[in-house]
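Taking it in order: structure first as structure tokens, then the write-up.
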Amino acid sequence: MSRETLVSSLPDLKKDDPRLRPTRISEMVGQRDVIERLRIAIDAAKQRGDVLGHILFDGPPGLGKTTFATCIPAEMEVRIDFLSGPSLKAPKDLLPNLTNLQHRQVLFIDEIHRIPKAVEEYLYTAMEDFRIDMIIGEGINGRTHSFNLKPFTLIGATTRAGMLTGPLRDRFQIREHLDYYNDAELTEIVLRNATKLAVEIDRESAVEIARRSRGTPRVANNRLRWIRDFAQSRASGRIDLQVAHDALRMAEIDERGLDRQDRRYLETLIRVCGGGPVGVETIAATMSTSSDTLEDDVEPFLLRSELILRTPRGRVATPRAFEHVGISAPHKSDSQRRLFDEPA
Ligand SMILES: Nc1ncnc2c1ncn2[C@@H]1O[C@H](COP(=O)(O)OP(=O)(O)O)[C@@H](O)[C@H]1O
Ligand SMILES: [Mg+2]
């Protein structure tokens, strides 16, 4: 069996297990500052009987954007409707969702940076004045009709805050960036979720899983579910350090928590591209994947781990990345010397 078929025959751990998603803000771990600011906004809106201001969450996948979006309406005691940017291809995909909104409810738009401009423009007045202006009729017979909407809260989520247009970004009263979680927070998530999954685990194994989860709750959950399956099928069902290590090794998760895709990225950058600088499109083409996948799923954690740098001339592998891949750093080019060394 090739490695590709081996990995694709593993159970589908990419999908989130709904049991593991917190339903109230009080069940969420970490993001203390974000939670404190949101609580103030929620309390104030509730006391005034007012609608909550529009909220934008940005940050890498798996850090809790959708979780926040589902917990907030629970706190506000209002309903939530879900939309996703890529599915809103034309105004007709958005408008009925706006006109049907109930008073104070939440409308969640995931991947909001992928809404086409022609659709996005309707959000401007909708968000600012709870109104949409539509031109009905063609040419000189065209008339603008205004429709009032019920006051509502838009919650947007994006992995690419930089791709949002200024007018849209400015209409969010609250903008929160979600950052990676530390090992203690991820350990807490692993321990809580082991209880939810009814699997026995000791603390040091939870710490080990946390440490190898790329700072990301979704990754921690996926690792935990895989190790639970492994423990059931290959061991006593209980997760101890030995089981955790064996299961992680089998899934090709390394000491830093990098998976095959992460390592392939580093190897492509280092072995094929000499460590860079090289454009992300070149790396993506060499790996036969999309640059979006790399920019969303792979690069943020490698950047954060100081394994790669983003420079105006392209991606560059740091000495730490060379060490991780097990290649001694080559004779440095002038540009690399400028990047890594003290000024002469
Ligand atoms: N703060 C948190 N506390 C506990 N679990 C979390 C937290 N944030 C995320 N998770 C877990 O990670 C999973 C993925 O989070 P999600 O909100 O879907 O990420 P995003 O929308 O940013 O990609 C959730 O189903 C949940 O189980
Ligand atoms: Mg999400």
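The values are calculated or read from the model by the stated rules, or taken from the named source; none is laboratory data. The structure presented is a predicted model; accordingly, all values stated were derived computationally and were not measured. Positions of Cβ are generated from backbone atoms using ideal geometry, with glycine treated the same way; all protein chains shown enter the neighbour counts.
A few notes on this one:
- Cβ pairs under 6 Å, 6+ apart, first in the stretch 108-127 and among the basic types (Lys, Arg), second not in a strand (DSSP E or B): Arg114/Gly85; Arg114/Pro86
- Of all residues assigned to the stretch 2-13, at least one qualifies as being within 16 Å of ligand 1 (Cβ to nearest atom), modelled with pLDDT under 95 and surrounded by fewer than 18 Cβ atoms within 10 Å (Cβ to Cβ).
- Filtered by the rule that a residue be assigned to a helix (DSSP H, G or I), more than 9 Å from ligand 2 (Cβ to nearest atom) and in contact with a strand residue (DSSP E or B) (Cβ under 7 Å, 6 or more places away or on another chain), the stretch 43-69 gives a lone residue, Phe68.
- Filter result for Ala69 (over 26 Å from Thr165 (Cβ atoms) and not assigned by TED's automatic domain parsing to the domain that holds Glu295): no
- Within the stretch 237-255, residues that are within 11 Å of Arg212 (Cβ to Cβ) and at pLDDT 95 or above have Cβ atoms under 8 Å from residues that are hydroxyl-bearing (Ser, Thr, Tyr) and assigned to a helix (DSSP H, G or I) in these pairs: Ala244/Ser205, counting only partners at least 6 apart in sequence or on another chain.
- The stretch 206-222, subset farther than 30 Å from Glu120 by Cβ and of a type in the set (S, T, N, Q), residue surrounded by the fewest Cβ atoms within 10 Å (Cβ to Cβ): Asn222
- Among the residues of the stretch 103-127, those that are under 14 Å from Leu52 (Cα atoms) and in contact with a strand residue (DSSP E or B) (Cβ under 9 Å, 6 or more places away or on another chain) comprise Arg104, Gln105, Val106, Leu107, Phe108, Met127.
- Residue list for the stretch 189-218, restricted to those being touching a Phe, Trp or Tyr at 6+ places or on another chain (Cβ under 9 Å) and either of a type in the set (D, E, K, R) or touching a residue at least 60 places away in the same chain (Cβ under 8 Å) (or both): Ile189, Arg214, Gly215, Thr216, Pro217
- For Thr187: the one exception among (1) under 30 Å from Val207 (Cβ atoms); (2) assigned by TED's automatic domain parsing to the domain that holds Gly53: (2)
- The residue of the stretch 156-205 that is surrounded by the fewest Cβ atoms within 10 Å (Cβ to Cβ), among those that are basic (Lys, Arg) and away from ligand 2 (no atom under 16 Å from the Cβ), is Arg203.
Conditions (1) within 16 Å of ligand 1 (Cβ to nearest atom); (2) within 25 Å of Asp17 (Cβ to Cβ); (3) aromatic (Phe, Trp, Tyr), marked per residue:
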| site | (1), (2), (3) |
| --- | --- |
| Val199 | yes, yes, no |
| Ala210 | yes, yes, no |
| Gly237 | no, yes, no |
| Glu255 | no, no, no |
| Glu267 | no, no, no |
| Gly276 | no, no, no |
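- Scan of the stretch 54-70 for residues that are in contact with a Leu (Cβ under 9 Å, 6 or more places away or on another chain) and at negative phi, ordered by number: His54, Ile55, Leu56, Phe57, Asp58, Pro60, Leu63, Lys65, Phe68
- Residues located in the stretch 70-84, provided they are part of a helix (DSSP H, G or I) and within 13 Å of ligand 1 (Cβ to nearest atom): Thr70, Cys71, Ile72
- Any chance Arg238 is among the charged types (D, E, K, R), touching an Asp or Glu at 6+ places or on another chain (Cβ under 7 Å) and either more than 22 Å from Met28 (Cα to Cα) or within 16 Å of ligand 2 (Cβ to nearest atom) (or both): yes
- Looking across Arg131, Arg39, one residue alone is away from ligand 2 (no atom under 16 Å from the Cβ), at pLDDT 95 or above and within 24 Å of the chain's Cα centre (by Cα). It is Arg39.
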